[in-house]
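Visitor: Dropping the structure in here first, questions after.
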Amino acid sequence: MKNRYLLCLLICALLFYYAVPNLSVFAEGIEGIFALVWLAFALLVISGNLTALLYLPKTAKRGKRMIHRRPSRKKARSYND
């Protein structure tokens with residue numbers, strides 16, 4: 001999972017690096033709106049991947065993995081004749 005988040009983060013950073021010089025934020029009309037919306041979505045994607053990467057649960061080491069056994073269920077009623 002960690003590799004996927006890193007890959008997505010790097011790809012998004014690459015797209016961001018490529019797109020920022022080509023987008024004109026101060027343009028009027030639909031071009032400026034598109035630039036602002038694209039940048040906002042790119043920042044959302046970067047922040048989402050970064051948050052997911054930072055809050056990944058830490059995995060247990062293989063040697064110290066605990067084995068959880070299900071407790072045996074006792075029957076509530078017995079219909080033995």
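The values are calculated or read from the model by the stated rules, or taken from the named source; none is laboratory data. Owing to the predicted nature of the structure, the values given are computational and were not obtained by experimental measurement. Heads up, the Cβs are rebuilt from the backbone with ideal geometry, glycines too, and the neighbour counts pull from every protein chain shown.
Visitor: Looking at region 17-27, is at least one residue assigned to a helix (DSSP H, G or I), surrounded by fewer than 13 Cβ atoms within 10 Å (Cβ to Cβ) and among the hydrophobic types (A, V, I, L, M, F, W, C)? Can you show your working first?
Guide: First, pick out the residues of region 17-27 that are assigned to a helix (DSSP H, G or I): 17-19.
Now restrict to residues that are surrounded by fewer than 13 Cβ atoms within 10 Å (Cβ to Cβ): 17-18.
Subset that is among the hydrophobic types (A, V, I, L, M, F, W, C): none.
No.
Visitor: Another question about this same structure. For the structure I just gave you, tell me whether residue 42 is surrounded by 12 or more Cβ atoms within 10 Å (Cβ to Cβ) and in a helix (DSSP H, G or I). Walk me through it before giving the result.
Guide: On the way: surrounded by 12 or more Cβ atoms within 10 Å (Cβ to Cβ): yes; in a helix (DSSP H, G or I): yes.
Against the criterion (surrounded by 12 or more Cβ atoms within 10 Å (Cβ to Cβ) and in a helix (DSSP H, G or I)), residue 42 qualifies.
Visitor: Only one of 30, 11 is out of contact with any helix residue (DSSP H, G or I) (no Cβ under 8 Å at 6 or more places or on another chain), modelled with pLDDT of 90 or more and surrounded by 12 or more Cβ atoms within 10 Å (Cβ to Cβ); which?
Guide: On the way: 30 fails: surrounded by 12 or more Cβ atoms within 10 Å (Cβ to Cβ).
From the options 30, 11, the qualifying one is 11.
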